[in-house]
Amino acid sequence: MVFNTGAALLDAIVLAVVSREPGGTYGYRITQQVRQAIELSESTLYPVLRRLQKDDCLEVYDMECSGRNRRYYQITGKGSAQLRLYEEEWRMYSEKITRLFEGGNQP
């Protein structure tokens, strides 16, 4: 992708992915789902997950899977509110960019 993916956009994408799984989801699966939209390495994802956890947007729990502990991430109420804000901001931003690309007038 030729466009820069800033921290806020990464946070929004990760929150959107995690919000689809009511019981939570784990890092590798999050990476695979995010990669459907943007290129992302696991080394980029985990700092995002830690930041969202520190900001109380995600909560974390461990569960055994095939004899190993797997860390799961689940969206919190604060994370859901932040995701709604990101969604609204994205709609306004993308509409403005689309109008520019299509040659329309700015309001």
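The values are calculated or read from the model by the stated rules, or taken from the named source; none is laboratory data. If you're wondering where the values come from, they're calculated on a predicted model, not measured in any experiment. Note: ideal-geometry Cβ built from the backbone for every residue, glycine included; neighbour counts use all protein chains shown. Side chains included, ligands, DNA and RNA excluded: accessible areas come from the protein's heavy atoms. Shrake-Rupley method; radii C 1.70, N 1.55, O 1.52, S 1.80 Å.
List of remarks:
- Residue within region 24-40 that is over 14 Å from the mean Cα position of the chain (by Cα), surrounded by fewer than 17 Cβ atoms within 10 Å (Cβ to Cβ) and not in a helix (DSSP H, G or I) present: no
- Each residue in region 51-86 was checked for being touching a strand residue (DSSP E or B) at 6+ places or on another chain (Cβ under 9 Å), closer than 16 Å to Ala8 by Cβ and either free of Cβ contacts under 8 Å to residues at least 12 places away in the same chain or aliphatic (A, V, I, L, M) (or both), and 3 of them qualify.
- Lone qualifier among Arg51, Arg68 - being at pLDDT 95 or above and of a type in the set (Lys, Arg): Arg51
- Residue among Ala16, Ala8 that is aliphatic (A, V, I, L, M), touching a residue at least 60 places away in the same chain (Cβ under 8 Å) and open to solvent by 50 Å² or more (accessible area, probe 1.4 Å): Ala8
- Annotation note: of Thr5, Thr98, the sole residue that is assigned to a loop (DSSP other than H, G, I, E, B) and β-branched (Val, Ile, Thr) is Thr5.
- Residue within region 75-86 that is in a strand (DSSP E or B), at pLDDT 95 or above and open to solvent by less than 100 Å² (accessible area, probe 1.4 Å) present: yes
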